[in-house]
2 protein chains.
Amino acid sequence: MQPTITSYLDRLSMTMRISADRWLQAHPDELQTMLRFPLGWVDETGASYDRPAGKRIRPLLLLLCAEAAGGSSEHALPAAAAVELLHNFSLVHDDIQDDSDIRHGRPTVWRIWGKANAINAGDGLFAFAYAVLSEMIEVGVPAGVAGTVWQIFNATNLELIRGQYLDMRFETQSDVATSDYLSMIAGKSAALIAACAQMGALLGGADTQRADSFYEFGLHLGLAFQIRDDILGIWGDPALTGKSAATDILSRKKSLPILYGLERDARLKSLYQSETMTPEVVAEVMQLLDRLGASDYAKAQEELYVERAMDALSRANPVGAAAILLDTLTQQLLGRSA
Amino acid sequence: MQPTITSYLDRLSMTMRISADRWLQAHPDELQTMLRFPLGWVDETGASYDRPAGKRIRPLLLLLCAEAAGGSSEHALPAAAAVELLHNFSLVHDDIQDDSDIRHGRPTVWRIWGKANAINAGDGLFAFAYAVLSEMIEVGVPAGVAGTVWQIFNATNLELIRGQYLDMRFETQSDVATSDYLSMIAGKSAALIAACAQMGALLGGADTQRADSFYEFGLHLGLAFQIRDDILGIWGDPALTGKSAATDILSRKKSLPILYGLERDARLKSLYQSETMTPEVVAEVMQLLDRLGASDYAKAQEELYVERAMDALSRANPVGAAAILLDTLTQQLLGRSA
């Protein structure tokens with residue numbers, strides 16, 4: 001039977017649930033609910049819910065890279081589960097930091113259980129991520145590879161902390177250069193995607209050099225992915241994104257096209273800083289962005305990273321059925337309108 | 001030269017600082033300050049401060065157990081640094097959760113940089129702890145031992161999450177049994193101390209069974225340590241503890257002697273739940289606790305755990321100069337009046 005995206009995701013789910021039963025067994029019911037809720041396994045009462053939260057792109061990428069490197073995804077399942085848990089940990093804490101009420105169409109953890117519990121639940125998912133990662137040593141990953149993967153996971157986490165710090169600082173900082181922004185999203189969005197590709201490749205038996213090509217593929221894919229997000233946040237079709245038109249302008253987000261404009265136009269800067277975001281202001285901001293060519297700039301940047309990602313991927317020389325799925329996944333991520 | 005407590009602490013400091021320079025090098029200055037500040041290395045402007053925060057009992061215990069098991073503390077330094085970082089991570093998040101303003105005589109991280117940054121700084125210390133732990137594989141710890149230590153570290157972190165959850169829940173729960181309380185402090189206070197003794201022993205070359213005796217020693221030491229804290233929080237001498245007399249009663253803390261009383265006396269319960277804590281109420285609470293023998297109960301519990309700790313330690317058969325220092329440390333911890 002040919003593997004499908006669904007078959008990978010099903011095995012991932014099973015791995016995560018078995019690990020949860022193992023590592024969280026001593027936890028009181030309510031605490032277990034706090035940890036399982038953001039994963040989409042239970043509702044807030046602890047009753048079964050079973051609609052996995054999010055697209056699970058990261059673990060999928062990791063599993064596909066392991067097979068595309070020529071190995072089996074068996075060895076990669078613990079790491080895949082770990083990156084998904086890590087991603088969810090960061091969302092739980094993000095939502096507290098940003099005061100966000102809704103995540104994946106459901107109330108956020110802190111909205112249900114309060115901020116103190118949500119901090120602890122996030123910490124719990126972080127600890128759980130590491131616990132699951134350590135299962136590598138039980139499924140037969142060679143000690144040397146397991147050690148390298150562990151070190152990459154560590155360095156990636158510290159990169160995420162850097163990205164998150166910059167993201168929060170930029171919110172109140174008046175002058176943010178597009179180069180600062182790219183450095184921030186390299187940490188916050190791209191580092192984990194890059195690490196997924198690299199760890200997957202190593203767990204699939206790639207040597208360091210080939211794994212580095214996978215890493216570069218992931219890094220540039222992650223950057224392109226974030227820039228696509230930024231483009232959709234301004235010019236996305238509300239009917240497809242499910243968000244208001246120009247949603248990022250309404251929330252004064254400093255995304256790449258905006259920063260490009262702010263660097264170049266004083267009127268835009270004063271609009272963005274001082275005015276209330278009435279429909280008229282939003283319209284004028286959109287006009288200014290168009291005149292400055294912010295959309296073309298962002299699209300060119302996206303294309304640049306897509307090209308680099310594709311170059312790196314071809315150097316990585318992915319093989320087998322997973323290579324085709326990897327290509328499908330990449331096209332889906334980059335071509336998306338939502 | 002005979003090793004001294006100071007010589008261990010100096011080597012620990014050096015390990016931590018070298019690791020910080022390595023793992024945090026990409027972090028912006030302000031973020032580095034947020035991570036180094038709670039360790040007592042810098043002040044809030046980033047200028048050198050150099051008064052290590054806290055007593056660093058946990059890493060010390062880990063290093064001593066490694067040598068007392070017959071090994072060298074070289075192999076144990078990364079794990080020792082990791083537990084100290086982990087402890088500090090938990091304090092940074094604790095202070096947010098408890099709205100605490102002061103820690104080790106200085107403002108808490110969230111008081112200086114706000115809660116969103118403090119959540120991220122705590123996460124950073126957590127990630128940093130794991131990064132330093134992974135240095136085990138570079139200093140020559142055999143892969144099998146490193147894997148076991150990693151798994152213990154993981155399980156301990158998940159225990160800490162459980163303890164923290166219970167601690168927060170008990171604050172608002174009206175009926176907390178002394179047995180629930182002991183389960184909570186086993187997670188929150190004793191689990192990490194137990195893991196320190198166990199990981200130290202394993203890194204010092206102990207076999208599983210002997211390491212388990214070290215674990216039991218640490219677990220009961222940790223429980224006795226916490227109960228001593230509880231006793232000092234009510235009957236401690238303000239001149240020695242540096243806190244107000246009956247400080248835990250003023251803050252309505254549900255410590256072991258209090259819970260013992262609450263289980264037994266309705267008047268105490270109503271005083272604790274409804275009245276404002278005037279000096280008269282505090283005096284009546286103290287009187288009731290005395291009449292109920294809460295102090296004797298707590299002291300008997302403390303003694304029980306001390307005995308169990310000492311039994312386990314003698315089964316662990318510590319050797320060499322470290323065995324003597326381990327004994328000194330234990331006596332200091334248990335005999336303390338502050």
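Values in this text are rule-based calculations from the coordinates and carry no lab data. Remember, it's a predicted structure, so these values are computed and weren't measured experimentally. Here the Cβ is made from the backbone with ideal geometry for all residues, glycine too, and neighbour counts use every protein chain on show.
Observations on the structure shown:
- Cα centroid separation, the range B:73-110 to the range B:202-259 (Å): 17 Å
- The amide H of A:R103, built 1.01 Å from its N in the peptide plane, has A:T108 as neighbours under 5 Å, considering only residues 5 or more places off or on other chains.
- Applying the Kirkwood pairwise sum to the alpha-carbon positions of the range A:5-335 produces a hydrodynamic radius of 20.7 angstrom.
- Across all directions, the average projected area of the convex hull around the alpha carbons of the range B:39-125 is 6.0 nm².
- Projected-area average for the range B:1-66 over all orientations - Cα convex hull basis, square nanometres: 5.1 nm²
- Selection from A:L12, A:G205, B:A66 lying farthest towards where the dipole of the protein assembly as shown points positive, charges on Cβ: A:G205
- Lys pairs, the range B:5-335 - Cα-Cα below 24 angstrom, 8 or more residues apart or on other chains: 18
- Between the range B:289-338 and the range B:25-64, the alpha-carbon center distance in angstrom: 29 Å
- At the listed q of 0.15, 0.16, 0.23 Å⁻¹, the Debye profile of the range B:257-338, built from one uniform point per Cα, gives log10 I(q)/I(0) equal to -0.68, -0.72, -1.04.
- Of the chymotrypsin sites (Phe, Trp or Tyr not before Pro) found in the range B:133-228, not one falls in a DSSP loop while having at most 12 other beta-carbon atoms within 10 Å.
- Label-point gap, in nm, between B:E171 and A:T278 - each point 7 angstrom along Cα→Cβ: 4.5 nm
- For q = 0.05, 0.09 Å⁻¹, Debye-computed log10 I/I(0) when each Cα of the protein assembly as shown counts as one equal scatterer: -0.26, -0.82
- When A:I152, A:I258, B:I102 are sorted by how many other C-beta atoms sit within 10 angstrom of their C-beta, beginning with the fewest, the order is B:I102, A:I152, A:I258.
- Longest exposed-site-free window of chain B, the sites being GluC sites (Glu not before Pro) in a DSSP loop that have at most 16 other C-beta atoms within 10 Å: B:139-274
- For the range A:1-79, the set of trypsin sites (Lys or Arg not before Pro) satisfying both a DSSP loop assignment and a count of at most 15 other C-beta atoms within 10 Å is given as A:K55.
- For chain A, the Cβ-based charge dipole about the Cα centre amounts to some 100 debye (Lys, Arg positive; Asp, Glu negative; other atoms uncharged).
- For A:D123, B:D180, B:D10, order by how many other beta-carbon atoms lie within 10 Å, fewest first: B:D10, B:D180, A:D123
- Only Lys, Arg (+1) and Asp, Glu (-1) charged, at Cβ; the protein assembly as shown dipole about Cα centre in debye: 100 debye
- Panel order for B:R264, B:R51, by other beta carbons found within 10 Å of each beta carbon, from fewest to most: B:R51, B:R264.
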